[in-house]
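Inspection log for the structure reproduced underneath, given as structure tokens.
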Amino acid sequence: MKTFYITTAIDYVNGSPHLGHAYEKVLTDVIARFRRMMGEKVYFLTGTDEHGQKIQQSARAQGIEPQDYVDGIAPEFKAMCEKLEISNDDFIRTTETRHKKVVCALLLQLFDKGEIYKAEYEGYYSTRQEQFLQDKDRNEDGSWPEIYGEVTQITESNYFFKLAGYQEWLIEHIKTHPEFIIPRYRAKQVLEFLAEPLNDLCISRPKERLEWGIPLPFDPDFVTYVWFDALTNYYSAVADQPDMWPASFHVIGKDILVPPHAVYWPIILQACGLALPQSILAHGWWSINGAKMSKSTGNFVEPAQFVDQFGVDALRYFLIREMSVGQDSDFSMEQFLVRYNSELANNLGNLVNRTLNMTTRFADSIVPAPAELGEPEAILQAAWTKARDESIPLFEQFQFNVGLERAMSFITATNTYIQQREPWKLGKSEDPADQALLRTALATMAEALRLGSSLFLAVTPSSVAKIRGVLSYEAGPVWKDELVWDNRLTGNAVEKTCILFPRPEKKS
Ligand code: MSP
């Protein structure tokens, strides 16, 4: 079986990690964990993008060398991954020797094949985007769009990579591989871009203008264009593991699909004789309270601080539950608290507590075997089958928000079942029929909790581990085998209590 090799974009380290970075890591982690749960062998890469103008400027602003600057800030990104319980197998930094060696090898290969040539360039340049511009990039009134910052006219020699020859091939590839770009509607955007003739890609920057980059192996007066450098990370990280390539899945934001990931990267690979990734998934963007994230306006969520305040699973759950993959979403504290309280604390957390509490009070903390099953049990078991059979295909199609909603509605159904059976009343009765019903109710609650919580495993792994812990439940190696209603908790000792999602207002 080929390893499912999945990557995130590598983050620019010109500032601290923010919610957008956190979301992408969590989304990719959920996909990676889900694939592992489904029995696949997974290899998960993330990392940091450490060269280029933006980094050089940030280092200068602090009056330090770029290398010292990136060495200082890259650990923040690694720490964020740990804090978010990201299950990555590797973390690559583009300043590492293992990466630089591969970038140089690919550049040399392309140069030797005649795919890279030197030419004089005269035109416009945006320092902010590190990009050459053309008249077609202007606004209708002739000005330059704000995203480009200051645009200057320059004349300089540079190295160019021949893209145009690959245009028809790429269009064909996209048209014949519907899984190449996810969601599918984004492929349209790529094809629109490819409807215009492709210009060759300038893959160098003269050293006098930008020092902070990988020197071109065939001309030390130039450094490598940061996108050529950055994209190569996906390959360089596994270059010594021949079975790993091609990547199965690149997870990126919608802003870097066209042209870097959907145009430059496949062409670079094809020109180097390397296979193309199977899929590129472009997710949407988070705004905060309806506005673009910005440190200067205070419209900013520090993922690490948020985790300290509410717990890692609260953030992971919210990000995945709230956003429909591919679409944009807004992060507001009100909406976060609504989901936190109504779904995590009062629904799932409540079920955990009721189960532990009543099993402790009425069955000496031992999950009883169920007696005869009645209609409420049959209804709940049918609800389980439905929740399981609907949510798994939704997870497979990256519709995690809807899959979670289905899983959560089974938790709601279980709480409704408890209301119906009223085990607290049965517990006070000495009637043997009530006692039998009580055993059934307690067994059913525990089983429903074991099963229902399993559907959250990829999204809130720590909480599910805690739930399993308090039920003394050791799950087997095959996730799908866990999802059968068979009362396997009978006889297990449970803990007295477990607060998974404390009320936020009680925290200081
Ligand atoms: N370094 C490049 C990527 C190179 S990949 C070979 C880059 N870095 S970035 O730090 O600007 O962005 C990293 C990822 O975070 C991108 O996929 C980007 O789309 C994502 N996000 C940045 N801000 C975001 C939001 N506000 N919301 C969601 N994701 C966002 O681009």
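The values are calculated or read from the model by the stated rules, or taken from the named source; none is laboratory data. Keep in mind the model is a prediction, meaning the values are calculated, not measured. Here the Cβ is made from the backbone with ideal geometry for all residues, glycine too, and neighbour counts use every protein chain on show. Heads up: the accessible areas ignore ligands, DNA and RNA and are worked out on the full protein's heavy atoms, side chains in. Shrake-Rupley method; radii C 1.70, N 1.55, O 1.52, S 1.80 Å.
So the values come out like this:
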{"quantity": "For region 55-60, Karplus couplings with θ = phi - 60° (6.51, -1.76, 1.60), whole Hz, Gly/Pro x", "calculated": "6, 4, 5, 4, 5, 4"}
{"quantity": "The chain - convex hull of the alpha-carbon atoms, volume per residue in Å³", "calculated": "162 Å³"}
{"quantity": "Distance in nm between pseudo-label sites at Gln270 and Glu76 (7 Å out along the Cβ direction from Cα)", "calculated": "3.9 nm"}
{"quantity": "FRET efficiency estimate (nearest 0.05) - Cβ-Cβ, Lys101 to Asp389, R0 51 angstrom", "calculated": "0.60"}
{"quantity": "Sequence-distant lysines (8 or more away, or on other chains) whose Cα lies within less than 23 Å of Lys386", "calculated": "Lys480"}
{"quantity": "DSSP bridge pairs, the chain: antiparallel proportion in percent, nearest 5", "calculated": "50 percent"}
{"quantity": "Theoretical gain in end-to-end length, Lys2 to Ile379 [0.36 nm per residue, Cα-Cα removed]", "calculated": "131.6 nm"}
{"quantity": "Candidate aspartates and glutamates for bridging to Lys428, where Cα separation is under 17 Å - those fewer than 8 sequence places away on the same chain excluded", "calculated": "Asp364"}
{"quantity": "Cα-based Kirkwood hydrodynamic radius, region 246-375, one decimal, Å", "calculated": "19.0 Å"}
{"quantity": "Mean-position separation - Cα centroids, region 50-124 and region 410-455, in angstrom", "calculated": "56 Å"}
{"quantity": "Helical contribution to [θ] at 222 nm, DSSP H n ≥ 4, -39,500 (n - 2.57), averaged over the chain, rounded to 500", "calculated": "-13500 deg cm²/dmol"}
{"quantity": "R0 of 41 Å, Cβ-Cβ distance Asp90-Ala371: FRET efficiency to nearest 0.05", "calculated": "0.20"}
{"quantity": "Cut-off 15 Å, label 7 Å out along Cα→Cβ of Asp243, residues of region 32-75 by amide N", "calculated": "40-44"}
{"quantity": "Percentage of interatomic Cα-Cα distances in region 4-283 larger than 31 Å", "calculated": "25 percent"}
{"quantity": "Extension gain from Lys41 to Glu150, taking 0.36 nm per residue of separation minus the Cα-Cα distance", "calculated": "34.5 nm"}
{"quantity": "Relative intensity, log₁₀ I(q)/I(0), of region 1-93 from a Debye sum that treats every alpha carbon as a point, q = 0.24, 0.25 Å⁻¹", "calculated": "-1.14, -1.20"}
{"quantity": "When the convex hull of its Cα atoms is projected in every direction, mean area for region 157-240 (nm²)", "calculated": "7.5 nm²"}
{"quantity": "Among 341-350, 151-160, the order from most to least packed when residues are scored by Cβ within 10 Å on average", "calculated": "341-350, 151-160"}
{"quantity": "Nitroxide proxy distance, nm - points 7 Å out along Cα→Cβ at Lys254 and Ile64", "calculated": "3.6 nm"}
{"quantity": "Solvent-accessible ranking of Tyr125, Tyr117, largest area first, probe 1.4 Å", "calculated": "Tyr117, Tyr125"}
{"quantity": "Accessible-area value, Trp227, 1.4 Å probe, nucleic acids and ligands omitted, Å²", "calculated": "40 Å²"}
{"quantity": "Compactness relative to 2.2 N^0.38 Å, alpha carbon Rg of region 61-211", "calculated": "1.31"}
{"quantity": "Stretch gain in nm, segment Ser294-Lys207, where the contour uses 0.36 nm per residue and the Cα spacing is subtracted", "calculated": "28.2 nm"}
{"quantity": "Along each principal axis, Cα extent of region 334-490, largest first, Å", "calculated": "50, 37, 28"}
{"quantity": "Surface accessible to a 1.4 Å probe, Glu302 within the full protein complex, Å²", "calculated": "70 Å²"}
{"quantity": "Fraction of antiparallel bridges per DSSP, region 4-283 only, in percent to nearest 5", "calculated": "50 percent"}
{"quantity": "Percent RCO, i.e. relative contact order, over the chain, from Cα pairs under 8 Å lying at least 6 residues apart", "calculated": "16 percent"}
{"quantity": "Around Tyr473: net Lys/Arg minus Asp/Glu count, Cβ-Cβ under 14 Å", "calculated": "-2"}
{"quantity": "Distance histogram for region 166-293 (every C-alpha pair counted, 10 angstrom bins, percent rounded to whole numbers)", "calculated": "11, 37, 33, 17, 2"}
